[in-house]
Amino acid sequence: MIASGPLTTSKFKTTIQLLLGQEYFYFYDAPAPIITKESIDFTKVYYKSRYDQGNSKDYINCPMRKD
């Protein structure tokens, strides 16, 4: 895994393309730690839809700060 992002420089992007042998690659927008559902304190989290679209509750949002 290469941890980079949409602000990656052109030079680094070219280096990644050469290393992977790929012309195109993708960025994913949300880093998320992998945890078990049983380890979540549900008094401190909430369900939400992605980008506030629709009524689905696709994600468990775990705030990383008190506020």
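The values are calculated or read from the model by the stated rules, or taken from the named source; none is laboratory data. Everything numeric in this text was worked out from a predicted model, so none of it was measured. Reconstructed Cβ throughout: ideal geometry from the backbone, glycine too, with neighbour counts over all protein chains shown. We work out accessible area using only protein heavy atoms, side chains counted, and drop any ligands, DNA or RNA first. Shrake-Rupley method; radii C 1.70, N 1.55, O 1.52, S 1.80 Å.
The conditions are (1) loosely packed, with under 10 Cβ neighbours inside 10 Å; (2) at pLDDT 80 or above, and Y46 fails exactly one of them. Which is it?
Looking at each condition in turn, Y46 falls short on (1).
The conditions are (1) open to solvent by less than 100 Å² (accessible area, probe 1.4 Å); (2) at pLDDT below 80, and P6 fails exactly one of them. Which is it?
It is condition (1) that P6 fails.
Identify the residue in the range 54-67 that is open to solvent by 70 Å² or more (accessible area, probe 1.4 Å) and over 28 Å from M1 (Cβ atoms) and, among all such residues, is modelled with the lowest pLDDT.
D67
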